[in-house]
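Please read the structure below before turning to the comments.
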Amino acid sequence: MLEFRDALIDSGDGAVLEAAMRAEMAELYDGLDLTAGHMPKAGAAEMNPPAGAFLVGYLGGEPVCCGGIKRLTDQACEIKRMYVAPSARRQGIARALLAALEERGRQMGFTTACLDTGPKQPHARALYESVGYREVPCYNGNTVATYFGEKTLTL
């Protein structure tokens, strides 16, 4: 059974999984550094409480996924740093993680969730669109992303 726990992006299992996600993105996008100055900020200041939230998912006691919530405005949040470990993929974990992040966004009082993904992640875009995200113009200055999505978080 998949269990989500509050975590920190810069400590413990959250830091390990987020580092694995950054390494995978660097490989996929030819050395991309998600922490570079020109990239949208999504570190501890944005994703750890009280500013945001970061979740780690556990399957059989093992950490297998992570993702966070970053405040954009009083009404809108951005879902960032979603990652599922390769050994746990194709089991519906990304969909469950996204649902958990949306629920956390609702609990934090947000009415809209935004996210983005790049051209080398068509599976991510397909997941986002399958759960109701609609394409919107670039909202965060991410020059690597080619898809920007938005969804109303109904209560």
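Descriptive notes on the structure:
- Within segment 49-65, considering residues that are part of a strand (DSSP E or B) and within 13 Å of the chain's Cα centre (by Cα), the one surrounded by the fewest Cβ atoms within 10 Å (Cβ to Cβ): L55
- Residue pairs meeting the criteria (Cβ under 6 Å; at least 6 apart or on separate chains; first of a type in the set (D, E) and modelled with pLDDT of 95 or more, in segment 76-94; second surrounded by 19 or more Cβ atoms within 10 Å (Cβ to Cβ) and not in a loop (DSSP other than H, G, I, E, B)): E78/K70; E78/C114
- Of the residues making up segment 29-48, those that are surrounded by 12 or more Cβ atoms within 10 Å (Cβ to Cβ), over 15 Å from the mean Cα position of the chain (by Cα) and not hydrophobic (A, V, I, L, M, F, W, C) are Y29, D33.
- Test result for E150, touching a residue at least 12 places away in the same chain (Cβ under 8 Å), more than 24 Å from D33 (Cα to Cα) and assigned to a strand (DSSP E or B): yes
- Long-range neighbours under 6 Å by Cβ, at least six apart or interchain, first residue in contact (Cβ under 8 Å) with a residue 12 or more places away in the chain within segment 51-65, second surrounded by fewer than 16 Cβ atoms within 10 Å (Cβ to Cβ) and of a type in the set (D, E, K, R): V56/R5; Y58/E3
- Of all residues in segment 104-147, those satisfying the criterion of being part of a helix (DSSP H, G or I) and basic (K, R) are R104, R106, R125.
- Matching entry among L97, L101 (being within 16 Å of E18 (Cβ to Cβ), in a helix (DSSP H, G or I) and touching a residue at least 60 places away in the same chain (Cβ under 8 Å)): L97
- Among (1) closer than 27 Å to V16 by Cβ; (2) among the hydroxyl-bearing types (S, T, Y); (3) surrounded by 13 or more Cβ atoms within 10 Å (Cβ to Cβ) - the single one S87 does not satisfy: (3)
- G68 falls short on exactly one of the conditions (1) closer than 18 Å to R104 by Cα; (2) in contact with a helix residue (DSSP H, G or I) (Cβ under 8 Å, 6 or more places away or on another chain); (3) surrounded by fewer than 17 Cβ atoms within 10 Å (Cβ to Cβ); (4) not basic (K, R), and that condition is (3).
- Filtered residue count, segment 118-155, keeping only those that are closer than 22 Å to R106 by Cα and of a type in the set (V, I, T): 4
- Residues (in contact (Cβ under 8 Å) with a residue 24 or more places away in the chain and not aliphatic (A, V, I, L, M)) located in segment 131-147: Y139, N140, G141, N142, T143, T146, Y147
The values are calculated or read from the model by the stated rules, or taken from the named source; none is laboratory data. Please read these numbers as outputs of a predicted model, since none were measured by experiment. Here the Cβ is made from the backbone with ideal geometry for all residues, glycine too, and neighbour counts use every protein chain on show.
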